[in-house]
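For reference, the structure is listed below as structure tokens.
The values are calculated or read from the model by the stated rules, or taken from the named source; none is laboratory data. Remember, it's a predicted structure, so these values are computed and weren't measured experimentally. Neighbour counts run over all protein chains shown; Cβ positions are idealised from the backbone, glycine included.
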Amino acid sequence: MTKQEIIISDNIGRSLAAAVGICPHDRLFVLADETTERLCLPLIAGQDCMREAQKIVVGATDVNKTLDTVAHIWTELGRLGATRHSLMINLGGGMVTDLGGFAASTFKRGISYINIPTTLLSMVDASVGGKTGINFNGLKNEIGVFNNARSVILDTGFLKTMDSENILSGYAEMLKHGLISDERMWAELMSFDLDTPDLDRLRTMVADSVKVKERIVEQDPTERGLRKALNFGHTAGHAFESIAMRCGTPILHGYAVAAGMICELYLSALKTGFPTNRMRQTVAFIAENYGRMPITCDDYPELFELMTHDKKNVAGTINFTLLGGIGDIRIDQTATKEEIYEALDFYREGCI
Ligand code: GLY
């Protein structure tokens, strides 16, 4: 995969001009969803480099991350005269960057694209690292390709109007990056005031957080080994996310990952020697900021079943990424049903 340029921006106009400038193209397109068209597109539409841009708009939220929506984007690109030398800007959260990245990567065997993530979650996770794709047959991110954006512009100015739940959702992935990285980053994350976030400080922390992901993805772009570190908290987290969805009370991805990290920190302490004091400090921080999902023992069989169907598993064995300490990554770990139930007890009974 070609390397992607990460631009830490405090001036979106200048950053966009620079990103478009280094990517020769004949036509320029901007993909937005109905929300980012209204709230974010006006922030870039007045820039000189955007004068030539043609707009493609899709429905907002994950329900639109479908093959039909990709077909709509391909159709619009064709109708508006896109060629193999065209460039697309994806302006939005993870849904738009995943979907737009996939549409761009497959149109005429691939045109270049730039990501401008507008949520904290997509800044620190989805928009970086070349995973693109759509949901298919009821399965999340079932179809897709690995293909890097030419540039990713990270501008925390978009967060000024973001609600605290969405800040927290992205922050869970930052916490994960701290846990798989080093004590310094972990301590900084644990001391950040999420009730009144300081956006200048958050900008620096986002830049540090993305470097963790970049470093890992550079070594293992297609998730053969080390990239599995980024799945910490996600095996249990995806099960929490799915059960909430099935109950008709969907939760934001980061909240599910935060719950998943509690379970997987417990398993890390139990199985790979993660220090108990660090586990308790992290769990207390998560419980205080994210609360707890109201699961009961009756949910355990379904949560376990969901974990056995996680797409990271090989031959039906549940695959966890655990930690031997902060920054001590242990990929390809498994756990028995009893151990997993114990971790769920730990989560349910108030953790600390
Ligand atoms: N979201 C995890 C990854 O990009 O690998």
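Answer yes or no: is there a residue in the range 256-266 that is more than 16 Å from the ligand (Cβ to nearest atom) and either of a type in the set (Gly, Ala, Ser) or surrounded by fewer than 22 Cβ atoms within 10 Å (Cβ to Cβ) (or both). Yes - at least one qualifying residue is present in the range 256-266. Scanning the range 19-45 for residues that are in contact (Cβ under 8 Å) with a residue 12 or more places away in the chain, among the small types (Gly, Ala, Ser) and not in a strand (DSSP E or B) returns Ala19, Gly21. Screening Met293 on (1) of a type outside the set (Asp, Glu); (2) closer than 26 Å to Glu165 by Cβ; (3) outside any helix (DSSP H, G or I); (4) touching a strand residue (DSSP E or B) at 6+ places or on another chain (Cβ under 8 Å) shows it passes everything except condition (4).
Residues in the range 172-198 that are within 16 Å of the ligand (Cβ to nearest atom) and either at pLDDT below 95 or of a type in the set (A, V, I, L, M) (or both): Ala172, Met174, Leu175, Leu179, Ile180. Would you check if there is a residue in the range 266-276 being within 29 Å of Asp62 (Cα to Cα), touching a helix residue (DSSP H, G or I) at 6+ places or on another chain (Cβ under 9 Å) and at pLDDT 95 or above? Checked the range 266-276: no residue is within 29 Å of Asp62 (Cα to Cα), touching a helix residue (DSSP H, G or I) at 6+ places or on another chain (Cβ under 9 Å) and at pLDDT 95 or above. From the list Ser242, Ser169, the one residue that fits, being over 30 Å from Gly21 (Cα atoms), surrounded by fewer than 22 Cβ atoms within 10 Å (Cβ to Cβ) and touching a Leu at 6+ places or on another chain (Cβ under 8 Å), is Ser242. A residue that is within 15 Å of the ligand (Cβ to nearest atom) and over 27 Å from Pro250 (Cα atoms) occurs nowhere in the range 82-97. Scanning the range 137-154 for residues that are at pLDDT 95 or above and out of contact with any strand residue (DSSP E or B) (no Cβ under 6 Å at 6 or more places or on another chain) turns up Gly144, Val145, Phe146, Asn147, Asn148. Please verify whether Glu218 is within 28 Å of Arg348 (Cα to Cα) and either within 16 Å of the ligand (Cβ to nearest atom) or not small (Gly, Ala, Ser) (or both), treating the condition exactly as stated. Considered against the rule, which asks whether it is within 28 Å of Arg348 (Cα to Cα) and either within 16 Å of the ligand (Cβ to nearest atom) or not small (Gly, Ala, Ser) (or both), Glu218 comes out as no.
The residues on offer are Thr83, Thr97, Thr61, Thr75, and the sole one that is within 23 Å of the chain's Cα centre (by Cα) and either surrounded by fewer than 24 Cβ atoms within 10 Å (Cβ to Cβ) or of a type in the set (Phe, Trp, Tyr) (or both) is Thr61. Among the residues in the range 55-62, are any away from the ligand (no atom under 16 Å from the Cβ), among the polar types (S, T, N, Q) and closer than 25 Å to Leu306 by Cα? Yes, there is a match, as at least one residue in the range 55-62 is away from the ligand (no atom under 16 Å from the Cβ), among the polar types (S, T, N, Q) and closer than 25 Å to Leu306 by Cα.
Among the residues here, Gly157 does not qualify as on the phi > 0 side of the Ramachandran plot, of a type outside the set (Lys, Arg) and surrounded by fewer than 22 Cβ atoms within 10 Å (Cβ to Cβ).
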